[in-house]
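Read-outs: derived from the displayed coordinates by stated rules, not from any lab. What you are looking at is a predicted structure, and each value in this text was computed from that prediction instead of being measured. Every residue, glycine among them, receives a Cβ derived from its backbone with ideal geometry; neighbour counts consider all protein chains shown.
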Amino acid sequence: MITVLIRISDDYRVLKCIDSIRKTSLSSQIIVSMTPNKFLEKIIKELGIRYCIVPKKNVSVTTNRGLELVKTPKVIVTDCDTIFDKNCINKLDKALDRYDVVKPKLIFQTKKGFFNKSVANLRTYFNNGPKMYMPGLSFRLNIKTRIGNHFFDENVAWSEDSEFSNRIEKVNLITHYVKSAQLFHPPLNISHDLADSFLIGAKKYKRQRLGELIQKRIKKYKQIFTLFGLSTTIYGIIWYLFFDLGQMSKGLGPIGIGLQDMAWAIITKKKNK
């Protein structure tokens, strides 16, 4: 048995996510962890789904509170705008019989428009590697005692999966990338993606020598160019510029906090489709 935990903030696309779960894995339990929205809460309640209400601006808290409701030994943690392909849940469930932590193949869909394909390509570059990132991150709940007796660090409000992935690597948990299990993600809005980059930078501040940073970035740009070409590489440079601005916001006091709040407002903007 496995549970799918869905995280929501004012996004009605969760209804399509729930529908994809019920169509492809009727036996799977569903838990919703959501920020306050009375109308959406009423819909979730009418669907007979267990849920919890959490404060905004901390994805680790959102995830941990939802995990507290999970009664099965395994869980899939996803975002409300994802759609499960046929057999995706079943394949992740079976993979967890052999591995501690697994993830599906994320398929980032695209739409017409300048840089939209590049946004999808860059997300593919970040997500479909060895790191255990969201959405679709799946694990056995009994790993908790082996990773510090907590799942997600509530001091990490954003990019919580990166901290989680680093922690499971340190204790040598057995991970696996289930390429045949596909999870679809709708086209990403550029403003949303760059706001995401800014917040990731703000939460991952780390002192580095300029020379080392430049060398590291050039290596990444070469990888991106080899995989996806010039357009995605240019977008990657822009993405990392916003990442660096996010890091700089840590030292700007109230101004930096205000900029982070603006990024949060973009990320959590109400979505009906």
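For segment 190-267, just say rounded, prolate or oblate: build the C-alpha gyration tensor, square-root its eigenvalues into a ≥ b ≥ c, call rounded for a/c under 1.5, and beyond that prolate if a/b exceeds b/c, oblate if not. It comes out oblate by the Cα gyration axes.
Simple spin-label estimate for Val171 and Gln109 gives 3.7 nm between the two label positions (7 Å along the Cα-to-Cβ direction from each Cα). A simple spin-label model places the labels of Ile238 and Leu15 3.3 nm from each other, with each point 7 Å out along Cα-to-Cβ. Cβ-Cβ distance of His192 and Arg98, R₀ of 41 Å, FRET efficiency by 1/(1 + (r/R0)^6): the value works out to about 0.70. 222 nm [θ] for the chain, helices only, -39500 (n - 2.57) per DSSP H run of 4+, per residue, to 500? So the helix-based figure for the chain works out to -15000 deg cm²/dmol. Sorted on the mean count of surrounding Cβ atoms within 10 Å across their residues, most packed first, peptides 223-232, 53-62 read 53-62, 223-232.
Bridgeable aspartates and glutamates around Lys111 (alpha carbons under 17 Å apart, same-chain partners fewer than 8 residues away excluded): Asp81, Asp193. Computed from the C-beta positions of Lys144 and Lys216 and an R0 of 30 Å, the FRET efficiency is 0.35 to the nearest 0.05. For the pair segment 137-194 and segment 50-99, the centres of their Cα atoms are 11 angstrom apart.
Sorted on the mean count of surrounding Cβ atoms within 10 Å across their residues, most packed first, peptides 257-265, 144-152 read 257-265, 144-152. Kirkwood radius, segment 105-193, all distinct C-alpha pairs, inverse of mean reciprocal distance: 14.6 Å.
Across the chain, the longest run free of exposed loop sites, meaning GluC sites (Glu not before Pro) lying outside DSSP classes H, G, I, E and B with no more than 16 other Cβ atoms within 10 Å, spans 155-273.
For volume of the Cα convex hull per residue in Å³, the candidate list reads [x] 224; [y] 144; [z] 133; the entry that matches the value derived from this model is [z].
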